[in-house]
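Notes for the one structure printed next.
The values are calculated or read from the model by the stated rules, or taken from the named source; none is laboratory data. These numbers were taken from a predicted model, which means no experiment stands behind them. No Cβ is skipped: glycine too gets one built from the backbone with ideal geometry, and neighbour counts run over all protein chains shown.
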Amino acid sequence: MVKNFHYWLYVTGIFSILSMILYLYISFSKKENEMKENIIFNKLETILIQHEKIENWLYEECQENQNIQECILMNPEKSKMLNTMLYMTINQDISYSFLVFKDENNRYRFLADGASEPARVMQKIDTDNKKVWDEAYSSEEGTLISSNKETDGLWLTYLSPFAENNQAYMMLVTDFSISLDDKIKNTISPIKEILLYILGITIVIFVIGIFQTIMYFIARKESYTDQLTGLNNRNYLRKVIDSRFPYDKYDIAIVDIDFFKKINDQYGHDTGDIVLKEISNIFKKIIGKNDFVFRYGGEEFLFLFKKNNAEKLLKELMYRVREHVININNQTIQFTISVGVNKNLYRCKHFTDMVKTADLALYNAKRSGRNRIVYYSEEINEEKQSNFQTVQSAIDENRVFCEYQAIIDTSSDCVFKYEALVRIKDTDGTILYPNSFLEIIKDTNIYTDLTKKVIDISINKFLDLNVHKFSINLGLQDFNNPEIVNYVLKVIEKYPKLIDLMSIEVLEYDKVDDEISCISMVKLLQDKGLKIALDDFGSGYANFSTILSYNFDFIKIDGSIIRKVIEDDKAVKMVQSILAFAQVHDIIVICEFVYSQEVYEVLKSIGVEYMQGYYLSKPNQDLKWNNLHMSL
Amino acid sequence: MKYLVLLFFSSLLLSSEIDKIESKIIMSMIDAVNTHKGFSIYTNSQKLKNILPAQMVVFVDDCSGADIAILEKSKIEKNCMDIPIITLEYDLLKKYPNSIGSFFWQKGRPNIVFIKSRLKNQNILLDSAFDEFIEENIW
């Protein structure tokens, strides 16, 4: 605002100076013209006296003749006298003075001439402007023609007709020049020239100023506008949310397009861009005069709604977006949005806190199945914030550690590998297990940081030993997180031994948003040599259809099946089926949740080689396990 | 000093402007009486030789080889008595009986005159645009 003020002040200032100079220039020009008119008037007075003298003389000399032209033409003495009279008027200023008349062919002919070598009487004279001469000849008064403008004077012609009974019979033509007097030459003209220069320079500065102002506003508009959608961008958001922004009068909402990545992958980025543009157009139409909308991230939009506007407008927004259909290449695309809203901004100290709270509500909207509006409440926040804080501080303060549970090869009674299981030691010494924090931090940077931490801890544990194999757990969704995939690729590139030592157990607790990308990432890691296991097979989304999509190296049968093998023959048959299926596809089967000798015996009897469970080994930090061979 | 420089340049400009007018008028007069291609001109005016466009006229050194002569005041050119002449002064119309017209400056104004009887004698027919310049008499 202050910057704008400077620009307007500059423009107004220059404009005022310009107006002032222009006023002065016009005033001096008027004065100069007045002075020139005075000089011309004085000169004309002399000519008019001469005109009167000639007229009187003609009246006296030719009063007996009816035709004055004939009186002169027939009488050489009179003609000579007239020449002499005209000659007397010639001076430094008056160059030519002669009398002409119009013949029957409308040609002007000399009647007398004041030149030292006068033109011949009756000789034709071509005029420089016949029309003006003709008008002057038939008018009652004289006509002044400005024929040429010199550096310090003017060339003028004065046409003064003689008439009798309203009939013109001849015309006195006087060519004269006037010199501008010293006052004009030395005072007004130089001032005018200076003013003209200043005026020119000021106009140039003014034009440059206007141009720069326009360019400034264009550049500012561009820097505050998202090029793709035409909405305000983050730069403008930063400008809006200064300390003077009345947060108490606004509600904040964050809107995210559901499954936008899928649209991009399925239809291409151009289509994704079209979706962003169209949805932005809907936003522009919906928001009120005092509301703001910003493109906050890729497919995220931030709204600042004037108090009490949010609810109604967001409902309208949801409806319009849902109803909107985009047709591209004979395909119709429809999409939905998830919205997180915080209507209590006054409780937040900083704008980042406001965004966080709306983001939290958005997170809940997504977790609840998307295509909905969730309003932020303190209850949501307190638990979540506390969990976030717990995990974040554990990472920062190195209170994250792993316990390792052995998977036993029962044929040799040796450890096949260890599964790394994350734990957090709380500030009071309590051990926190993943089920208490993992779900909450999912889809946040904290989750990514924690995953990296677990990888680092496990590598430190096993790399130097170079004896035991180990596995780390990742969610199938993590394969769509480039940061995690890149981190895994980075560590196996740094420590090639890990390809033999490390494997990844995949937990499929969510439906994967982008399965194609996920499959390709799993394959990429397998191509690098890493073994991938499907954890919790038989529960949730981890089923036969998952096996069809991915080429897993191991499957771990979920504990919910294993625990029933003692009492339920169907469970045993199910395990047997899985074993048969895996054998055909060259997949190693691991049974977890082997909590007792009975379970162990049943599984062993049906040919399960790899087992994991409390009966065999409890998770611990020291790679301890129950050597059955020794204990039996 | 400033005024001297300005005066010098303005007079140069002025004279160049006058030359242009003069050249145009003379060329239109030549065109008016010109009846065939390869029309050759004799002139005793050095100025005219300089200002007329060389690519449009053929100058010859003597009237005997010329189709038309354009003469300014000097001693009478007797060789030129058989070809049409345009004079550069009104008075010369009387001195050259075979002169058909004249171009001259009168009171600071360019003037053109063609003499009707002489055009007729030389079988020269002018375009009607020149009617206003055709005179019966030489005064």
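Below is a table of values for the structure above.
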| quantity | calculated |
| --- | --- |
| Qualifying positions in the range A:393-428 - assigned to a loop (DSSP other than H, G, I, E, B) and in contact with a strand residue (DSSP E or B) (Cβ under 8 Å, 6 or more places away or on another chain) | A:R399, A:T410, A:D426 |
| So A:L73, is it surrounded by 12 or more Cβ atoms within 10 Å (Cβ to Cβ) and within 14 Å of chain B (Cβ to nearest Cβ) | yes |
| Pairs with Cβ under 6 Å, 6+ apart, first in the range A:42-66 and farther than 12 Å from A:M81 by Cβ, second surrounded by 15 or more Cβ atoms within 10 Å (Cβ to Cβ) and not aliphatic (A, V, I, L, M) | A:I47/A:Y158; A:I47/A:T174; A:Q50/A:T89; A:H51/A:S160; A:N65/A:C71 |
| Residues being not in a helix (DSSP H, G or I) and not small (G, A, S) - total across the range A:202-255 | 19 |
| Checking B:I100 against (1) farther than 23 Å from A:Q123 by Cα; (2) at pLDDT 90 or above, the condition it does not meet | (1) |
| One residue from A:I274, A:I257 being closer than 21 Å to A:L362 by Cβ and either in contact with a strand residue (DSSP E or B) (Cβ under 6 Å, 6 or more places away or on another chain) or not small (G, A, S) (or both) | A:I257 |
| Qualifying residue in the range A:197-205 (condition: farther than 30 Å from A:W57 by Cβ, away from every other protein chain (no Cβ under 14 Å), among the aromatic types (F, W, Y) and surrounded by fewer than 17 Cβ atoms within 10 Å (Cβ to Cβ)) | yes |
| Residue within the range A:392-410 that is surrounded by 15 or more Cβ atoms within 10 Å (Cβ to Cβ), free of Cβ contacts under 8 Å to residues at least 40 places away in the same chain and either touching a Cys at 6+ places or on another chain (Cβ under 9 Å) or not aliphatic (A, V, I, L, M) (or both) present | yes |
| Residue, farthest from the other protein chains (Cβ to nearest Cβ), within the range B:87-139, restricted to residues that are basic (K, R) and either assigned to a strand (DSSP E or B) or farther than 19 Å from A:A119 by Cα (or both) | B:K120 |
| In the range A:456-513, the residues that are basic (K, R) and either at pLDDT 90 or above or surrounded by 14 or more Cβ atoms within 10 Å (Cβ to Cβ) (or both) | A:K461, A:K469, A:K490, A:K494, A:K497 |
